[in-house]
1. DSSP loop (so not H, G, I, E, B), at most 10 other Cβ within 10 Å: list which GluC sites (Glu not before Pro) in the stretch 1-83 pass both filters.
2. Work out from phi, with θ = phi - 60° and the Karplus expression 6.51 cos²θ - 1.76 cosθ + 1.60, the ³J(HN,Hα) of each residue of the stretch 10-22, listed in order in whole Hz, and give x for Gly and Pro.
3. Determine which lysines satisfy two conditions relative to LYS74: a Cα distance under 21 Å, and not lying fewer than 8 residues away in the same chain.
4. Summing -39500 (n - 2.57) over the DSSP H runs of n ≥ 4 in the chain and dividing by its residue number, what mean residue ellipticity at 222 nm do you reach, to the nearest 500 deg cm²/dmol?
5. Taking the Cα atoms of the chain, report the difference between the largest and smallest coordinate on each principal axis, in whole Å and largest first.
6. Could you give log10 I(q)/I(0) at q = 0.13, 0.18 Å⁻¹ for the stretch 1-76, computed by the Debye formula over C-alpha point scatterers of equal weight, without solvent?
7. Working with all protein chains in place, sort ASP6, ASP92, ASP164 by solvent-accessible area computed with a 1.4 Å probe, largest first.
8. Would you kindly find the accessible area of LYS74, with a 1.4 Å probe and non-protein molecules such as ligands, DNA and RNA excluded, rounding to the nearest 10 Å²?
Amino acid sequence: MSPSPDFDLSADAYRRRIRVRAVEPDVVVSELEDDFHHFVVTLRHDGEKVLSCDNASLRWPWATCPDAAEPLRKLAGMPLSRRFTAAGQWTDPKQNCTHQFDTACHAITHAAWGRDTRVYDVEVPLRDPATGESYVRLWVDGELRLAWQLTWQGIVDPQPPFADAPWKGGFMRWADSTLEEDAAESAIVLRRASDIGMGRGMDLDGVPVADQLPGTMAGICHTMQPSIVHIALRNVGSIRDFAHNPDALLRD
């Protein structure tokens, strides 16, 4: 039995859980839930390549998010890979929902490794608005894998090899080229969550249409594409708070 993460239940924290399971020899179910999202990807494979990739949207922030299940199906035919970023060579991540795409990438690596079950847990305490300070942690199967002290500039006094990691503009590429496959995947999970967690405490339900978000988000995902962003209405009331009850994440 896996150990339980030692969450700081007193923290005002964004939390994310990703659970990946081989439910049959050729079927992997990958689930992601956090404050803003809940997606379930079912991947079928033949041991060498992806046969199909389907997403079920259970909770999402913008009306157009579920439609991103369509570009995700383009992963069919991709060779299985232990590299988390390999799927980006097969279909454009920016045409996909970032979180559905990540959920699928976890399923692909899971199938490539031949694993049974894996669980990622992330804790991102609310960041200091002036300095960006936060102590973020990642557990893999209940064991602490990574812990970073952050500011707005990135990781502070990190242990090697993260001293040279670029926080903005290339962290995933750096992780992919610097770290072995499993370590890179873990680092990408924590890096992604550190950004998404900044949405905690924002009045996102006060943004009725996604085209009113900052211009820096233009084109970053399916919903933020120029042909879609103007019709992406806010799914009001979809945010959840798991700060003091992480066991509610992916509760069966």
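The values are calculated or read from the model by the stated rules, or taken from the named source; none is laboratory data. These numbers come from a predicted model, not from an experiment. Cβ placement follows ideal geometry from the backbone for every residue including glycine, while neighbour counts extend to all protein chains displayed. The area values use the complete protein model at the heavy-atom level, side chains included, leaving out ligands, DNA and RNA. Shrake-Rupley method; radii C 1.70, N 1.55, O 1.52, S 1.80 Å.
1. Those satisfying the criteria are GLU48.
2. These are the phi-based 3J(HN,Hα) values: 8, 7, 7, 10, 6, 10, 9, 10, 10, 10, 10, 9, 8 Hz.
3. LYS74 reaches LYS49, LYS94.
4. Helix contribution divided over all residues of the chain: -5500 deg cm²/dmol.
5. Its Cα atoms span 50, 43, 36 Å along the three principal axes.
6. For the requested q values the scattering log ratios are -0.52, -0.84.
7. Most to least solvent-accessible, the answer reads ASP164, ASP6, ASP92.
8. Near enough 130 Å² of accessible area.
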